[in-house]
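Taken together, the values in this text are just the output of simple stated rules run on the coordinates, not laboratory data. Quick caveat, the model's predicted, so the values are computed rather than measured. Every residue, glycine as well, gets a Cβ built from its backbone with ideal geometry; the counts of neighbours run over all protein chains shown.
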């Protein structure tokens, strides 16, 4: 039995660098609203690190997705192909513009959109493919981009999990026309709530600035390009406070150290659970050799829903919080209104029942992690768990 149990939460956001000092600096300077000095520093750091034309911080990844939908002129009747196994924000941003989701099943190895199913889902109304890099492991972007080019479609990468991950040497978020990032407290690099739009096609930059500034050309005004600013397009208020940008900059400055901490946690789980998983018909994450993951999460795929629920209960008895993840969007109340039905995405339906995420955060100690592992090793995957 495990002695001296500690309660281990699923997530714990941490302070990693100069976040507090930078926030104090913002307050002292008196510029608390959006697009202040630290917002600009975040933009510059990300643009240089990723090698892309433009980054715009937003209040959330959801808002970055909404901006992408506006930039691509999504209209009622348009279709957007997305994996059913993703967070609702991925598609909500496009449904708000009148688009209909076309749900694609996922691969059984990486849990990413199954690129071999794409062409059969394309119709004359298809406008966008929305690959989601699950757990920060890349989708098959070469194939996706080739298909998009063949059919004249845009690609928006939902890279909420994958900042600084790579596909064949290229940073995730730099491959599609546009990409979105999340800086929610559950992400590797965080400011509590926040996001970013990554613009890889320079044609979208000026309009993106206008959309982000409530549909005005305010950014051009502050650059001295016009003598006054006015309403020129649709838009909304997508600017985060510079206080949040200051916290974020403190994390971005030390992103390599953060990744190193998370790599240690991920590899510790992988090393100590491999033999148990093989003996108990449990699958651990698959990372293709040409993908460099950012170590966003560690999950297990249990043999069945019953086993997954039994494991959650077992870990809870040991003071450990574990969680499942996405429910299939095509089977949700909204998904059904767009024609979703059981059996449409069989891999998604199975994975959703079987996936279990383990505690994972920057400051997770080996002592606490070993408590998680010891509890798992006590669990025997039997045919019909009670």
For this session: At q = 0.11, 0.12, 0.14 Å⁻¹, what is the base-10 log of I(q)/I(0) for the chain according to the Debye formula with one equal point scatterer per Cα and no solvent? Please give it to two decimals.
Result: -0.81, -0.95, -1.24
Problem set entry | Global size of region 209-351 as Cα Rg and Dmax, reported in angstrom | 23.2, 70
Seminar exercise, completed: So the angle from the long Cα axis of helix 61-71 to the longest Cα principal axis of the chain, reported in degrees to the nearest 10, equals 40
For this session: Mind checking the full-extension length gain between residue 257 and residue 49? Use 0.36 nm per residue of separation minus the Cα-Cα distance, one decimal, nm.
Result: 73.4 nm
Exercise. Which whole-number percent gives the relative contact order of region 19-252, counting Cα pairs below 8 Å spaced six or more residues apart?
Worked result: 26
Exercise. Distance from the Cα centre of region 155-193 to that of region 70-107, in angstrom?
Worked result: 18
For this session: Over all directions, average the projected area of the Cα convex hull of region 189-280 and note it in nm².
Result: 9.8
For this session: Pop the C-beta distance of residue 236 and residue 33 into the FRET formula with R0 = 22 Å and round what comes out to the nearest 0.05.
Result: 0.90
For this session: Note the full-extension length gain between residue 334 and residue 21 as 0.36 nm times their separation in residues minus their Cα-Cα distance, in nm to one decimal.
Result: 108.3 nm
Exercise. Once label points are set 7 Å from the Cα along Cα→Cβ at both residue 97 and residue 306, what is their separation, rounded to one decimal in nm?
Worked result: 4.6
For this session: Give the calculated FRET efficiency between residue 350 and residue 267 to the nearest 0.05, with a Förster radius of 41 Å applied to their Cβ-Cβ distance.
Result: 0.90
Problem set entry | Extension gain from residue 185 to residue 120, taking 0.36 nm per residue of separation minus the Cα-Cα distance | 19.7 nm
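How big is the antiparallel share of DSSP beta bridges in the chain, given as a percent to the nearest 5?
60
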